[in-house]
Structure formats: C-alpha cells, structure tokens
Amino acid sequence: MYTQINNLNTEIVSGDDALAIARASDILRQGGLVAFPTETVYGLGADALNSDASAKIYAAKGRPSDNPLIVHIADTKAVYELAESVPEKAVMLMEAFWPGPLTVILNKKNIVPDGTTGGLDTVAIRMPSHPVAMKLIKESGVYIAAPSANTSGRPSPTLAEHVIEDMNGRIDMIIDGGAVGIGIESTIVDLTGEIPTILRPGYITGKMLEEIIGDVSIDRAIIEPDPNLRPKAPGMKYTHYAPKGEVTIVESGQNDKKVIDKINSLIAEKTAQGFKTAVIATKNNAPYYNCDNVLIVGEADKGVTISANLYAILRKCDTIGAEYIYSEALNQNELGGAIMNRLLKAAGHRVIKVH
Ligand code: TXA
Ligand code: MG
C-alpha cells in the first residue's frame with residue numbers, strides 16, 4: 001500500500017471542452033492522472049507504459065499493488081504492440097465487440113511494465129466506445145492504464161460526482177461526461193489458455209461470446225463463493241462495492257410477494273430496534289415496501305436499467321446512513337449473472353431464500 005496524496009488541485013472539466021481534452025492529454029504525456037468517462041464506469045487514467053505514472057494510480061486509489069490495470073487503446077494495431085501473441089479467437093472477439101465493454105487478457109510484451117500488470121506476464125487490454133475516452137487516447141497518443149476511478153473497496157463511479165467524492169485532491173484532472181451507459185465494469189476474458197475463460201462477468205454475456213468463438217468457460221471462483229478458490233483476476237478477490245451498512249439479498253424464485261413480505265418484516269424488526277433501514281427494489285415492487293428509504297434500482301426484466309443505477313444506489317445507502325439494507329435478487333434479466341456478481345459481493349454473500 002502506498003501513502004495517499006491528498007493535496008493536489010484537481011481540475012474538473014467538461015468532456016465537451018476541446019481545450020480541456022488537450023490539457024488532459026498533456027497531463028497524461030507528462031505522467032499525471034486524469035479521470036475520464038467510459039461506457040462502463042469512470043476510469044482513472046495514466047500512461048500505461050510509464051511505471052512511475054501507473055504507480056500514482058495505486059497511490060491515489062489506495063489499491064493493493066498486486067492488482068493489475070487494464071490498458072485502454074483506440075486502435076487494434078496497439079494490441080500487436082502490447083501482446084506477445086494474438087490468438088485467432090482474440091481477433092474474432094475484438095472484431096465483434098470493440099470498441100465496447102470487453103477486456104481481453106493476452107501474454108504481454110516487455111514494453112508493458114510490471115508496474116502496470118502487477119508483476120503478471122499477461123496484460124489486460126480494452127478499447128472503450130465512449131467518445132470522450134476515445135478522444136483522450138487518440139489525442140494524448142498514449143495507451144491509458146485505467147482502473148475504475150473509485151477509492152479501493154468503494155463502488156465504481158458512474159457519475160463524475162462519484163469520482164469527485166473519492167478522488168478530489170488526489171489526481172490532476174476529472175473529465176465530466178455525465179452518467180455512463182452501462183454502469184458495471186467490462187467483461188474480462190482470458191485468452192491465454194486452451195479454452196477462453198470469463199474472469200469477470202459483464203454486459204457482454206457468456207452467450208454472446210459463445211456465438212462468436214464457441215465454448216467459453218467461467219472462472220469457478222466467480223460462481224462459487226469458496227474462500228479457497230483463488231480468482232484468476234486478482235481484483236476479484238477483494239471485497240468490493242460494499243456500502244457501510246449490512247446488505248442482505250432476499251430471494252424467492254419468481255414469487256415477488258414472498259420477497260416483499262419478508263423484507264417488510266425484517267424492516268419492521270430493525271426499525272423497532274432503532275436502526276436506519278433501506279430497500280433496494282425494482283420499480284413495480286417499490287410501492288409495496290413500508291420503509292422510509294425505498295431505492296428504485298430499475299426494471300426487473302431490463303438488465304441495463306438496473307446495471308446503470310446499481311452503484312449509485314449502493315453509494316446512496318452511505319449518504320443516507322442506512323445501517324441495514326435489504327435488496328431483491330436482481331437476476332430475472334439478461335444481465336442477471338453480471339449484476340448478481342456485484343450485488344453478492346456488496347452483500348458479502350448474505351442471502352435469505354424464502355419459499
Ligand atoms: O469497465 C472496465 O473494465 C473499467 C473501465 C475504467 O474500463 N475498468 C476496471 O478496472 O474495471 P479495474 O482495475 O477496476 O478492474 C480490473 C480488473 C481487476 O479485477 C484486475 O485484477 C483484472 O481486471 N486484471 C487486470 N489485468 C489482469 C491480468 N493480466 N490478468 C488477470 N486479471 C487482470
Ligand atoms: Mg475497480
């Protein structure tokens with residue numbers, strides 16, 4: 001862990017301001033830190049090939065140094081500069097999903113410093129589709145190493161305001177591009193082994209990947225909360241996304257009424273004990289909760305309405321000071337796997353099943 005810096009004068013600019021993007025590009029070329037919007041979450045960028053610059057990212061986030069960074073590029077040619085070998089299936093995925101929310105893991109070339117890959121021989125590469133991210137990579141002429149722009153352990157930022165909360169005073173510039181579209185981090189696929197493996201689920205689902213390249217496996221550590229399984233993406237082992245209050249997921253196949261009744265009884269119990277409570281609810285069920293803080297996350301069957309709001313709502317739980325938080329299971333949609341992966345972490349895998 002590095003000592004945290006907290007005395008920089010962070011400039012906050014608009015993504016529409018061309019002069020500001022030019023200044024951001026200068027900052028990156030000189031080894032500084034710039035937070036910028038992507039289509040998934042806000043990133044905290046530095047020159048990926050400058051290990052002093054990427055070291056500053058770890059310091060600003062308070063991030064453990066064994067947790068590698070994703071390198072953001074704007075042209076597929078960059079992949080051949082950064083990666084030792086580029087398998088056919090990687091090319092097929094790049095063609096199908098870039099620019100977009102997919103990160104590929106490949107064997108790295110020596111020009112990628114250990115400081116960027118946490119000492120691994122592999123490198124994570126992604127081409128974001130957000131216009132501000134694209135412009136920044138192209139105009140700066142650097143490959144941008146960027147983790148999510150949150151303090152380590154907090155939910156990833158989906159608004160510039162979240163970045164300001166976590167990073168003001170610690171980095172050189174924050175580019176405000178408004179709300180991101182997807183709201184959860186990119187799908188990560190490891191292509192260094194025999195069978196491509198999902199290391200982190202995201203907007204690009206296993207099914208979408210299989211339509212392009214056939215069989216894909218999923219890192220077992222993602223689906224089984226077994227502390228003895230070591231996730232292949234080092235970052236997946238850390239507790240993430242968790243609000244300060246205790247989060248519990250209440251689940252019951254398709255029976256919303258049972259979930260609502262159970263959550264209402266838990267709230268009544270905690271309220272009687274003097275605790276502040278909150279509910280994370282889907283839109284249709286929201287009117288049925290007896291709680292002062294019903295936070296509507298999205299529509300049950302439309303995954304992206306939920307992913308886009310989830311992290312903002314987890315942060316809101318802290319703002320209102322909720323001590324006990326009850327969430328519906330948010331798995332009845334096409335992004336259910338990716339959303340539940342984050343929600344289960346926020347809940348420390350605390351799930352109540354009602355039948
Ligand atoms: O959507 C995203 O991917 C966002 C935006 C900013 O692009 N970035 C992001 O970065 O989520 P970060 O650092 O918060 O998460 C990166 C994840 C971590 O779990 C890390 O361990 C894993 O990627 N990772 C990075 N390089 C890796 C590698 N060479 N092998 C395995 N996992 C890797
Ligand atoms: Mg992160």
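Please work out which residue is surrounded by the fewest Cβ atoms within 10 Å (Cβ to Cβ), limiting yourself to the range 262-280 and to residues that are out of contact with any Ser or Thr (no Cβ under 8 Å at 6 or more places or on another chain) and in contact (Cβ under 8 Å) with a residue 24 or more places away in the chain. Applying the filter and picking the extreme gives F275.
May I ask you to verify whether L310 is within 16 Å of ligand 1 (Cβ to nearest atom), under 28 Å from Y42 (Cβ atoms) and open to solvent by less than 40 Å² (accessible area, probe 1.4 Å)? Step through it out loud before you land on a result.
On the way: within 16 Å of ligand 1 (Cβ to nearest atom): yes; under 28 Å from Y42 (Cβ atoms): yes; open to solvent by less than 40 Å² (accessible area, probe 1.4 Å): yes.
Criteria met by L310.
Listed conditions (1) touching a Phe, Trp or Tyr at 6+ places or on another chain (Cβ under 7 Å); (2) modelled with pLDDT of 95 or more are all met by S65, apart from (2). Among the residues of the range 140-154, is there at least one that is within 20 Å of the chain's Cα centre (by Cα) and away from ligand 1 (no atom under 14 Å from the Cβ)? The answer is no, given that none of the residues of the range 140-154 is within 20 Å of the chain's Cα centre (by Cα) and away from ligand 1 (no atom under 14 Å from the Cβ).
The rows are residues; the columns are (1) within 16 Å of ligand 2 (Cβ to nearest atom); (2) open to solvent by 50 Å² or more (accessible area, probe 1.4 Å); (3) outside any loop (DSSP other than H, G, I, E, B).
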residue	(1), (2), (3)
L8	no, yes, no
A20	no, no, yes
R23	no, yes, yes
T40	yes, no, no
G45	yes, no, yes
D66	yes, yes, no
A78	no, no, yes
M92	no, yes, yes
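Can we say T117 is under 19 Å from D52 (Cα atoms) and open to solvent by less than 10 Å² (accessible area, probe 1.4 Å)?
yes
A Cβ distance below 8 Å, combined with a sequence gap of six or more or placement on separate chains, defines the contacts here; from the range 133-147, residues that are in a loop (DSSP other than H, G, I, E, B) reach residues that are within 16 Å of ligand 2 (Cβ to nearest atom) and among the polar types (S, T, N, Q) in the pairs A146/T38; P147/N67. Only one of the listed residues (I171, I184) is within 16 Å of ligand 2 (Cβ to nearest atom), under 24 Å from G303 (Cα atoms), part of a loop (DSSP other than H, G, I, E, B) and of a type outside the set (G, A, S). That residue is I184. Please find, among G31, G100, the residue that is free of Cβ contacts under 8 Å to residues at least 40 places away in the same chain and either within 20 Å of N150 (Cβ to Cβ) or buried (at least 16 other Cβ atoms within 10 Å of the Cβ) (or both). Result: G31 is the single residue among G31, G100 that is free of Cβ contacts under 8 Å to residues at least 40 places away in the same chain and either within 20 Å of N150 (Cβ to Cβ) or buried (at least 16 other Cβ atoms within 10 Å of the Cβ) (or both). One residue stands out among those in the range 42-77 that are closer than 13 Å to V123 by Cα and touching a Ser or Thr at 6+ places or on another chain (Cβ under 9 Å): the one that is farthest from ligand 1 (Cβ to nearest atom), which is L49. For beta carbons closer than 9 Å, sequence separation of 6+ or different chains, a first residue in the range 312-323 that is farther than 13 Å from H162 by Cα and modelled with pLDDT of 95 or more and a second that is assigned to a helix (DSSP H, G or I) and open to solvent by 20 Å² or more (accessible area, probe 1.4 Å), the qualifying pairs are A322/K316; E323/K270.
The values are calculated or read from the model by the stated rules, or taken from the named source; none is laboratory data. What you are looking at is a predicted structure, and each value in this text was computed from that prediction instead of being measured. Neighbour counts are summed over all protein chains in view; Cβ atoms, including those assigned to glycine, are modelled from backbone coordinates with ideal geometry. Side chains included, ligands, DNA and RNA excluded: accessible areas come from the protein's heavy atoms. Shrake-Rupley method; radii C 1.70, N 1.55, O 1.52, S 1.80 Å.
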